[in-house]
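The next block holds one structure in the form of structure tokens; read it before the comments.
The values are calculated or read from the model by the stated rules, or taken from the named source; none is laboratory data. All values reported here derive from a predicted model rather than from experimental measurement. When we count neighbours, we look across all protein chains shown, and the Cβ atoms used for this are built from the backbone with ideal geometry, even at glycine. Just so you know, the surface numbers come from the protein's heavy atoms only, side chains and all, with ligands and any DNA or RNA stripped out. Shrake-Rupley method; radii C 1.70, N 1.55, O 1.52, S 1.80 Å.
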Amino acid sequence: MDVEQVVEGTIANYALLKEGSKVVVAVSGGKDSTTALYIINKLGYCPEALTIDLGIGDWSRNNLRNISMFCNQNKIHLHIVSVQDELGYTMVDIIKAAEQNLRLKSCTTCGIIRKWLLNKKAREFGFEAIATGHNLDDEAQTIIMNSLSGRFDLNLGLGPKTGTAELQSSGFIPRIKPLYFCPEEEIERYSRSHKFPVLYQKCPYSSGAHRREVRAMLEQIEEARPGTKEKIVTRFTGILAKSKRKNPLRRCKICGEPSSGEICNACKILEVLK
Ligand code: AMP
Ligand code: ZN
């Protein structure tokens with residue numbers, strides 16, 4: 001697969017970016033977001049990068065060092081936002097409190113806080129879109145996971161581009177997924193052949209047992225029926241285009257960030273730390 005060509009096609013077909021769009025790539029230090037940043041930059045969209053320093057020991061230190069080096073080499077401006085500086089707690093403390101008080105898994109808590117900070121900071125810095133490294137495997141897994149837990153409604157929030165005009169009026173910065181149609185193994189091959197300075201391991205706190213199960217199941221089915229993952233994602237995207245979400249988001253009563261309820265999930269977590 002020509003990863004660059006697929007990304008260029010996805011950006012064009014789904015109108016992810018226009019010439020002159022002010023885009024920031026959310027980078028973790030992993031192969032996917034680094035590849036997304038590299039290709040968006042190569043295509044001439046002049047992206048900046050934003051990383052959330054989770055403060056998870058050597059894991060975060062190594063990722064931060066790699067991202068800084070990569071952005072330096074490629075002359076890309078990097079914004080570093082630290083969870084500890086922004087919120088006054090480390091991610092490890094936040095994860096513990098949310099586990100004890102709200103029975104949330106570590107990846108759920110980290111994901112909520114990370115997305116909340118990314119949206120807030122991207123808006124403050126004046127970006128029009130946040131690009132992430134989500135790939136075809138991530139999306140196929142998420143569609144199946146949501147469906148297996150009966151939360152079909154959650155799938156309405158997926159797709160290569162999220163954030164309608166109504167959502168934007170409530171402070172939501174649209175998210176785009178340029179690697180949407182790229183299988184994970186193709187991205188890994190691309191990243192390795194370009195010798196990107198990235199960690200290929202998982203986060204030491206990663207807890208996603210359900211995702212692991214679904215991933216293994218999909219791999220097994222893919223082997224018996226090649227093309228299954230792609231079919232799930234492409235057919236689903238077709239359906240999604242027909243049923244765009246209409247109800248706008250509200251603003252969280254506490255922090256003012258966009259939220260589907262009165263109080264956003266990030267504030268619910270942060271409240272238990274007080
Ligand atoms: P994950 O939920 O870990 O699969 O990450 C999904 C996407 O979120 C990645 O591809 C990145 O674009 C973004 N991301 C993950 N971790 C961070 C981080 N620490 N800082 C900024 N963006 C991140
Ligand atoms: Zn809030």
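Just a few scattered comments:
- Peptides 92-102, 176-186, ordered by how many other C-beta atoms sit within 10 Å of their residues on average, highest first, read 176-186, 92-102.
- Sorting Trp116, Trp59 on solvent-accessible area from highest to lowest, probe radius 1.4 Å, gives Trp59, Trp116.
- Förster radius 30 Å - calculated FRET efficiency between Glu8 and Ser206, Cβ distance, rounded to 0.05: 0.45
- Backbone geometry of the stretch 183-191 corresponds, through the Karplus equation with coefficients 6.51, -1.76 and 1.60 at θ = phi - 60°, to 3J(HN,Hα) couplings of x, 4, 5, 5, 5, 4, 4, 4, 5 Hz, x marking Gly and Pro.
- Distant-in-sequence amide contacts of Val25, defined by a placed amide H-H separation under 5 Å and a gap of 5 or more residues or a different chain, comprise Glu48, Ala49, Leu50, Ala131.
- A helix-only calculation puts the chain at -16000 deg cm²/dmol for mean residue ellipticity at 222 nm, using -39500 (n - 2.57) for each DSSP H run of at least four residues, averaged over all residues.
- A Förster radius of 45 Å combined with the Cβ-Cβ distance from Lys96 to Asn72 puts the calculated FRET efficiency at roughly 0.85.
- Annotation: Arg123 carries an accessible surface of approximately 80 Å², with a 1.4 Å probe and no ligand, DNA or RNA atoms counted.
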